Amino acid sequence: MKFGVIVFPGSNCDHDAYHVISKHVGQPVDFIWHRDTDLSSYDAVIIPGGFSYGDYLRAGALARFSPVMNSVKKFADKGGFVLGICNGFQILCEAGLLPGALIRNRDLHFICEHVCVRTETSDSPFTNELTRGSVLRMPIAHAEGNYVCDDATLEELHKEDRVVFRYCDPDGSVTQEANPNGARDNIAGICSRGRNVLGLMPHPERACEDLLGSSDGRDIFRSLAATLAAAVV
Amino acid sequence: MKAKVYVSLKSGVLDPQGKAIQHSVELLGYSGISDVRQGKYFEIALDGSVDNSEARQSVDKIAREVLSNPIIEDYRVEIDG
């Protein structure tokens, strides 16, 4: 089971992701420079948070044209697991691997705080060790996390059980007050039709140690590791 | 030859920056403003090796594939010269 963490100019959560995979998942992991194109030795690829290309043009817009992204598309098409966190989610949307877009937060602020999200489905490689309805506390740190999509896309996401996380209060109620950025339907994370690509705004890699205020993010990596272990056997 | 590309948010897409600008303008005492929408403007210099219609075609493609995100934005292309 081998993980890769993609590094764009401006990525800044790459080392956090690397740390979590090597220390908590306990599996081999490489950094993959955005000019590299060979993903053949990896089982899962993480597109980390940060400000790829300085967020020029739109968040995630320019990273989409990095050579590695063609390989990520092919990797995902073949069923490879792709986890996009924060800027990684923005990149996946810009690249068309996930539907919709992430626009400026409703109240314009850059938001940096712990939020609660409710697990909407356990039927994904990233949440199969969680129960539906369980609440995870993880930090968000973004200015463009306001998820938007058209009505047809929203309906499709719900019908296909592809909304994976929604912002909620600590009791698990999905309310407007618990929505930090104005995201449509409180959406914090969605998966692809094949369910092997997940994008989410909260940072599970920053919530894997009690010292950091929460270790809830470990459940996501634990799920992915369990999925991979089952696939390897 | 120069191409100008205007990118604007689709109607209905929230523009909190536009709202903040509108608020500031109103604080300056200007009234009668019902809405402000912020967009982007690009100037692309062309080296003259292509004719007007070819230029329009390729700039249109650039605007669609790079400069705008069709999920949230519309664009308009003008070719000068």
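Each value in this text was obtained by applying a stated rule to the coordinates, not by laboratory testing. Everything quoted here is computed from the prediction, not taken from an experiment. FYI the Cβ positions are ideal-geometry reconstructions off the backbone, even for glycines, and counts take in every protein chain you see.
A few points about this structure:
- Scanning the stretch A:68-91 for residues that are in contact (Cβ under 8 Å) with a residue 40 or more places away in the chain and either among the charged types (D, E, K, R) or within 13 Å of chain B (Cβ to nearest Cβ) (or both) yields A:90, A:91.
- Across the stretch A:185-196, a minimum of one residue is classified as surrounded by 15 or more Cβ atoms within 10 Å (Cβ to Cβ), free of Cβ contacts under 8 Å to residues at least 24 places away in the same chain and closer than 18 Å to residue A:86 by Cβ.
- Output for the stretch A:92-107, where each listed residue is touching a residue at least 24 places away in the same chain (Cβ under 8 Å), within 12 Å of chain B (Cβ to nearest Cβ) and not β-branched (Val, Ile, Thr): A:93, A:94, A:95, A:98, A:99, A:100, A:101, A:102, A:104, A:105, A:106, A:107
- In the stretch B:8-18, the residues that are in a loop (DSSP other than H, G, I, E, B) and either farther than 18 Å from residue B:76 by Cα or of a type outside the set (Ser, Thr, Tyr) (or both): B:10, B:12, B:13, B:14, B:15
- Selection from the stretch A:110-131 of residues that are over 15 Å from residue A:201 (Cα atoms), in contact (Cβ under 8 Å) with a residue 12 or more places away in the chain and either within 14 Å of chain B (Cβ to nearest Cβ) or small (Gly, Ala, Ser) (or both): A:124
- Matching residues, the stretch A:134-184, being among the charged types (D, E, K, R) and outside any helix (DSSP H, G or I): A:137, A:144, A:150, A:160, A:161, A:162, A:166, A:169, A:171, A:177
- Those residues of the stretch B:19-44 which are outside any loop (DSSP other than H, G, I, E, B), within 14 Å of chain A (Cβ to nearest Cβ) and under 14 Å from the mean Cα position of the chain (by Cα), in sequence order: B:39, B:40, B:41, B:42, B:44
- Scanning the stretch B:30-46 for residues that are over 21 Å from residue B:64 (Cβ atoms) and either without any contact (Cβ under 8 Å) to a residue 12 or more places away in the chain or polar (S, T, N, Q) (or both) returns B:30, B:31, B:32, B:33, B:34.
- Any hit, the stretch A:147-154, residues being without any contact (Cβ under 8 Å) to a residue 60 or more places away in the chain, away from chain B (no Cβ under 12 Å) and in contact with a strand residue (DSSP E or B) (Cβ under 7 Å, 6 or more places away or on another chain): no
- Output for the stretch B:48-81, where each listed residue is in contact (Cβ under 8 Å) with a residue 40 or more places away in the chain and either within 13 Å of chain A (Cβ to nearest Cβ) or among the acidic types (Asp, Glu) (or both): B:62, B:63, B:67, B:68, B:72, B:73, B:74, B:75, B:78, B:80
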